[in-house]
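Down below is the structure, laid out as structure tokens.
The values are calculated or read from the model by the stated rules, or taken from the named source; none is laboratory data. Just so it is clear, the structure is predicted and the values come from calculations on it, not from any experiment. FYI the Cβ positions are ideal-geometry reconstructions off the backbone, even for glycines, and counts take in every protein chain you see.
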């Protein structure tokens, strides 16, 4: 594996950690607004992002690379609505998807078959992540700020 590809995988490892950090900030906002189902969903999302980071951690080590931790910027902590929370989450997932696609392209350029195979799981995962956020946004757009509708979405997300 080239140093360039190793650096890019390390960057993604750190970005996955950052994703979890972002989701925890979103969860904290929802919790402060008494939307515990939404908070639960986002905490579970954060845990999933940390699992993704560990996949990169293990792969880098399996490829005889060295994992490097980087500083993380402060996440957004305040939102104007629950819709904004999930729109922000979808935007972030789209950024992750582009980063994964760029990694796949880089691995293909280098004929790093093990890396290409490793990243295929993430390609599929990102489709699922984006669709999940789109579904929640659709529901939140439908209920607007109506309390009963928000409570129904909150209850549904608590089931994750």
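The set of residues in segment 118-154 that are more than 20 Å from the chain's Cα centre (by Cα) and exposed (fewer than 12 other Cβ atoms within 10 Å of the Cβ) comprises 141, 142, 144, 145, 146, 147, 148. For segment 67-76, the criterion of being in contact (Cβ under 8 Å) with a residue 40 or more places away in the chain, farther than 30 Å from residue 2 by Cα and within 18 Å of the chain's Cα centre (by Cα) is satisfied by at least one residue. Take the conditions buried (at least 17 other Cβ atoms within 10 Å of the Cβ), at pLDDT 95 or above and out of contact with any helix residue (DSSP H, G or I) (no Cβ under 7 Å at 6 or more places or on another chain) and apply them to residue 112. Does it pass? When the stated conditions are applied, residue 112 does not pass them. Checked against (1) within 18 Å of residue 128 (Cβ to Cβ); (2) without any contact (Cβ under 8 Å) to a residue 40 or more places away in the chain; (3) out of contact with any helix residue (DSSP H, G or I) (no Cβ under 6 Å at 6 or more places or on another chain), residue 97 passes all but condition (3). Taking residue 65 and the conditions (1) part of a helix (DSSP H, G or I); (2) farther than 30 Å from residue 28 by Cα; (3) touching a helix residue (DSSP H, G or I) at 6+ places or on another chain (Cβ under 8 Å), which numbered condition does it fall short on, given that it satisfies the others? All conditions are met except number (1).
Would you call residue 20 more than 23 Å from residue 122 (Cα to Cα) and part of a helix (DSSP H, G or I)? No.
Residues in segment 78-125 that are in a loop (DSSP other than H, G, I, E, B) and within 30 Å of residue 146 (Cα to Cα): 78, 79, 80, 81. Is one or more of the residues making up segment 5-24 surrounded by fewer than 17 Cβ atoms within 10 Å (Cβ to Cβ), free of Cβ contacts under 8 Å to residues at least 12 places away in the same chain, farther than 30 Å from residue 146 by Cα and over 19 Å from the mean Cα position of the chain (by Cα)? Looking for residues that are surrounded by fewer than 17 Cβ atoms within 10 Å (Cβ to Cβ), free of Cβ contacts under 8 Å to residues at least 12 places away in the same chain, farther than 30 Å from residue 146 by Cα and over 19 Å from the mean Cα position of the chain (by Cα), one finds at least one in segment 5-24, hence yes. One residue stands out in segment 25-47 among those that are surrounded by fewer than 17 Cβ atoms within 10 Å (Cβ to Cβ) and farther than 15 Å from residue 79 by Cβ: the one that is farthest from the chain's Cα centre (by Cα), namely 36.
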